[in-house]
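Written out below as structure tokens is the structure these notes cover.
The values are calculated or read from the model by the stated rules, or taken from the named source; none is laboratory data. Computed from a predicted structure; not experimentally measured. Here the Cβ positions follow ideal geometry from the backbone for every residue, glycine too, while neighbour counts run over all protein chains shown. The area values use the complete protein model at the heavy-atom level, side chains included, leaving out ligands, DNA and RNA. Shrake-Rupley method; radii C 1.70, N 1.55, O 1.52, S 1.80 Å.
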Amino acid sequence: MQNLPVPLDRRVWLECQALRSNGYNVSVICPKGPGDPAHEVIDGVHIHKYRPAREARGLAGFALEFAYSWLCTAFLSVRVARSLPFRVIQACNPPDTYWLLALLWRPAGVAFVFDHHDLNPELFISRFGTPTSAVQRAEFVLLSLLEKLTHRTADRVISTNESYRQIAIRRGRVDPGHVTVVRSGPDTRGMRPRYPRRPRPADAVELVYLGIMGPQDCVENVLHVMVELVHRRGRTDVHATLMGFGDSLEKLKKMAHRLDLDDWVTFTGRADRPMIAEQLSRADIGLCPDLKTPLNDLSTMNKTMEYMAFALPSVSFDLTETMVSGGDAILVVPSGDLSAFVEAVEKLVVDRDLRLSLARKARSRVVEELDWRPQAAAYVGVYDSLLGIDRPEGVVQRHLPPRTEDEWGNPLVPLDDEDELDRFILERR
């Protein structure tokens, strides 16, 4: 993988843990995060890391980044094979380039599993619009070809939702029996509210955004919402925390300053697991500012389910897969209608009963319908099927003993105490 280090990438880390719990040896190759060692072993998973490429700019920059990351991964794959030989390579995207590495290992009897995270042709359109120039058309054709080669090379394809599965079948020409949906649901036993160390002020309402900050993520809409709430409606009791990084982060910071939002908007930059747990526990309302684009409409937004795991109501535009995830636990408005988005946010700010009702629905839905555990069974089943492993007793789920504190020593909110849970949702302290 090229985009995020492990274990910061929640989906990949849950996959690693599911395989380890079922007897598989697992090695991961990924870029380093700040301060990360070149090699470490966490919960039995061997993690090999390379220095990430510099931030890409323009076509040449992206090509250089992809080539550098591919070569680092190829080199480390040889090192892994010497210490812990493998029978399967799994790659996630973007970019769609690791099919070639899979082909190079195929003569050694190594199978290829493609974990489909992004629709790169749709990502291109969402960022740059419909190709018009000869260069843009060539770039789009190349991305489509790389996606096709990835699907054609894969022995099995894992799709994050049914929309992606249908694309793998129709566009990628993958045998439907070789495509399995594994949603990016959180493990709600560990991803749950805890009492924050730094609660938000008692007379304030905290909004939160969690995710990548690229042009396709439309995070600027959060700033437009804050301008309306703070400067036009006088809601100086509202604050927004934006967690994440990406190509647009510095531009967003400058935009917030220009809009006189420095006192009402905080950018955290790259967010690790303790920060995410802290901020989602102290927040009142989650924000999903992504507009309906060919990519966003069909993609499962992890942040929606992470908000739900922490008993947060949220507001979203009417994206197909976001509505599948959120059901009746989120407020949905027409894509691009910022006035309606602001109205929905303010409605949650002033209506405590609605906030409580949606928060309880969100937590119940993510536990009962979106939890990682059934997804883990489907995921391990892909490997078992590929390698001819039969499990008469079924897939083993990772054991998490009951606990009253999280792994960083913060006391957990008792979810079985309904009165206390209701109080916490409204006060977040």
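Remarks
- Normalised by the number of residues in the stretch 126-270, the average gap of Cα pairs under 8 Å and 6 or more apart makes the relative contact order 18 percent.
- Charge tally in the Cβ shell below 13 Å around L261, where Lys, Arg are +1 and Asp, Glu are -1, L261 excluded: 0
- Derived scalar couplings ³J(HN,Hα) [the stretch 42-54; Karplus, 6.51 cos²θ - 1.76 cosθ + 1.60; whole Hz; x for Gly, Pro]: 10, 6, x, 9, 7, 10, 10, 10, 10, 5, x, 5, 5
- Gained length - R20 relative to Y195, 0.36 nm times residue gap less alpha-carbon distance: 59.9 nm
- Each Lys or Arg adds one and each Asp or Glu takes one away; over the other residues whose Cβ falls under 13 Å from the Cβ of L143, this sums to -1.
- Extension reserve of the L64-D247 stretch, reckoned as 0.36 nm per residue once the Cα distance is removed: 64.2 nm
- Extension gain from R51 to A378, taking 0.36 nm per residue of separation minus the Cα-Cα distance: 114.4 nm
- Spin-label model distance (nm) - T236 vs R423, 7 Å beyond Cα toward Cβ: 3.2 nm
- The chain, accessible area per residue, ligands and nucleic acids excluded (1.4 Å, Å²): 44 Å²
- Averaging Cα coordinates gives a centre for the stretch 267-285 and one for the stretch 74-109; these two points are 34 Å apart.
- Straight-line reach from K49: taking Cα to Cα under 21 Å and skipping same-chain neighbours fewer than 8 places apart, the lysines in range are K32.
- The chain - percent of accessible surface contributed by carbon and sulfur, probe 1.4 Å: 54 percent
- Pairwise alpha-carbon distances in the stretch 323-373 exceed 12 Å for 67% of all pairs.
- For the chain: relative contact order, % (alpha-carbon pairs under 8 angstrom, 6 or more apart): 15 percent
- Accessible area in the full protein assembly, largest first, 1.4 Å probe, for V367, V12: V367, V12
- Calculated FRET value between L415 and A202, using beta carbons and R₀ = 22 Å, to 0.05: 0.45
- Long-range Cα-Cα pairs in the stretch 221-352 (distance over 22 Å), rounded percent: 36 percent
- Taking all protein chains together and rolling a 1.4 Å probe, R194 ends up with roughly 10 Å² accessible.
- Kirkwood radius and radius of gyration were both taken over the C-alpha atoms of the stretch 291-386, and their ratio Rg/Rh is 1.06.
- The accessible area of K148, taken with all protein chains in place and a 1.4 Å probe, comes to roughly 90 Å².
- Helix 273-282 axis, angle to the chain major axis (alpha carbon atoms, nearest 10°): 30 degrees
- Its Cα centre serving as origin, the stretch 305-429 has a Cβ charge dipole (Lys and Arg +1, Asp and Glu -1) of approximately 120 debye.
- Hydrodynamic radius by Kirkwood, which averages 1/r over all alpha carbon pairs of the stretch 103-225, in angstrom: 18.1 Å
- Alpha carbon convex hull of the chain, volume per residue in cubic angstrom: 146 Å³
- Per-residue ellipticity at 222 nm, computed for the chain from helices alone with -39500 (n - 2.57) per DSSP H run of at least four residues, works out to -13000 deg cm²/dmol.
- Each peptide among 113-119, 236-242 gets the average number of other Cβ atoms lying within 10 Å of its residues, and from highest to lowest they stand as 113-119, 236-242.
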